[in-house]
Every structure is written in structure tokens, then in C-alpha cells.
1. Considering only Cα-Cα distances, which of the following residue pairs are longer than 22 Å: K228/K279; K130/K255; K130/K228; K240/K279; K205/K255?
2. Take the alpha-carbon centre of region 245-283, take the same for region 170-224, and report the distance between them in whole Å.
3. So for the pair R220, E242, with labels modelled 7 Å out along Cα→Cβ, what separation do we get in nm?
4. Using label points projected 7 Å from each Cα along Cα→Cβ, tell me how many nm separate E126 and R263, to one decimal.
5. Tabulate in residue order the Karplus-calculated ³J(HN,Hα) for region 259-275, using 6.51 cos²θ - 1.76 cosθ + 1.60 with θ = phi - 60°, rounded to whole Hz; enter x for Gly and Pro.
6. Starting from the Cα of R116, step 7 Å along the direction of its Cβ; do the same at E278; then give the gap between the two resulting points in nm.
7. V211: net charge of surrounding residues, Cβ under 11 Å, Lys/Arg +1, Asp/Glu -1, itself excluded?
8. Applying the Karplus parametrisation 6.51 cos²θ - 1.76 cosθ + 1.60 with θ = phi - 60° to the phi angles of region 115-123, what ³J(HN,Hα) value in whole Hz is obtained for each residue in order, glycine and proline being reported as x?
Amino acid sequence: MRRFTLVLLILMLLFLCTSSADVSCLFICSINGEEISEGQTCNVHGDEVLSIMPAEGYIIQNVQIAEWTDHYTYGPEDHDTDTQYDLWAYPADTEVLLTVTVSASKGNEIHVATQRYRLFYPEFHEFSFKEAADGVTLVGYNGNGWRVDIPAEYANKRVTGIGEEAFFNSQFLTAVNVPESVERIGQYAFSCTTLMEISLPASLKAIDQGVFSGCDFLKRIEIPEGVKEIPAFAFYGCEKLESIVIPGSVQAIGKSAFAHCWRLASHELPESLKEEFEKSRGSDLRFPMEWQQLNDMEGLQT
């Protein structure tokens, strides 16, 4: 009897060890193809893809993923049998605790395991440029910094322009310094960002339609001498805009340029533009058509 009991205990221990081993290696995680280990701190940027691969012989039945920071919690989200997950983007210097729980089957058994990873998002700035007749134009930006200093040169050429939608919908952007080399800013270049302040150079000669539309946190701005027009929808929907300085060089203000700028109380502008300015503050549109189309393409809710 004692011998039978001893054998039974040994068999139970072997079963538990085997189950524990199975659970401990139930799945492997990688970010953009690079395997990560539990407890490891990984440096990541935005637009990262987490991949989950089951151990040999296992079939994933369910995946749950949660992300924790000091300020936010996302999840846990149920992803059924999906094995790829787009990680959230975070501002610079954010630490994230990523928890992955997987249930997987092997034969008639279901095993569940949880692994935890630490992610760190260092500050990064990526600019895209395109050659222009008088230098280069900044046409795209990807980054997570709060403050962006746009370079004055790229490949030994002056940065003379900021292109259409270059910073559109940048999530963490709050302050931008535009260098003295820039002469024009394209339409919707800073639209729908969290921009709070921007320094425009004396070299600036033109801004295009909707350039700052939907910048909900922009409070004040000074247009430099040399700009000749405030185009249509330029500051449309800047609900927190309180003050603006418009120089004497400006000769026209476009349709709905200041529509839905509810807090705009302080404005310096030429006497000849006061009537156009007041007209530009009214609009029977909820959104400019072009802005609506841009938001639709980005999948944003308006």
C-alpha cells in the first residue's frame, strides 16, 4: 500500500512539473519580428506590431492584452485567436507594462499562461523631405516628442517649405519652432494636432488653406510681416484661440478663417480688414469639406 501511494505521488509530481513546463513555454512574443523575454525592458517607437506565436503542438484559443502606464490603462482587450496586435503609441519617455494572457489547447487540455513585459518609448523625431525648386520641402513627420524643432537644412539644402498635411493629426505635438528658412506652409499642415504654441519665422510669405484648423489647444499666434493672406479655414475650429496678431502686409482674409474660434477676443489687424475678419468668424458649416474628407480618410470621429 505504501509503495502504491509513493508511486502515485511520484506520478502526480511528474504531471505537475510537465504541466508547469508546458505553461511556462506556452507562447513566444516578438515586436516587429524581434523576440522579447518576460521581464525584459524593450525600447519601442510608435506603429509597433506585437506578434504571439504558440509553442509547438499548441493551438491558441484566446488572447488578452492589457497596457498600463502611470496615467492610463488600456484593456484587458479580448482578441480571440488574433496573434498580431498593434501597440498603442505613447509620448516620449513613457514606461508601459504590457501583460499578455494566452489560453491554448494541446490535445484535450487547455492551458493558460500570462507573461509581462516592460516597454519604454524614447523620444524620436523622423522627418521626410522632398526636393523643391528652391531647396527642400518637409512633407511628413513621425515622432512622439512634445516639442519639435524643424531643421533649417537637409542634405545641405535649405528647408524652404512645410508641405500639405505634414504634421496632420500628430498626437503629442504641443510646440513647434519653424526655422527662418521656411517661406511657405501647405494646407492642413498642422491640422487636427494638439499644438499649443508655434513660432513662425520672419521669412514666411504664405500659408495655405486650413493650415491650423482643428488645433483645439492653440491659444495665441502672431502672423509675421510678409504674409499677404489668411486663407479659408486657416484657424477653423481653434476653440481655445484667444489672441492673434495680423500684420499690415495681409490684404485678405478667406472664408471661415476664424469660424468657431469662440474665445478669440484679442486681435490686432489693419483697419481695412476688420469687416473681412468679422465675416470670417461666421460659418454655416460644421466642418470644411476638405477637413471632413481628411478626417474620414484617417478614420477619425468628427
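1. K130/K255; K130/K228, as the Cα separations exceed 22 Å there.
2. Rounded to whole Å, the Cα centres lie 17 Å apart.
3. 0.7 nm
4. For E126 paired with R263, the spin-label model returns 3.4 nm.
5. 5, 6, 9, 5, 9, 6, 10, 10, 8, 10, 7, x, 4, 5, 9, 4, 5
6. Result for the modelled spin labels: 6.3 nm.
7. Residues close to V211 contribute a combined charge of -2.
8. 10, 10, 10, 10, 10, 10, 10, x, 5
Bear in mind these aren't lab numbers, they're just calculated from the coordinates by the rules spelled out. The structure displayed is predicted, hence computed values, not measured ones. Because the Cβ atoms are built from the backbone with ideal geometry, glycine has one as well, and the counts that use them run over all protein chains shown.
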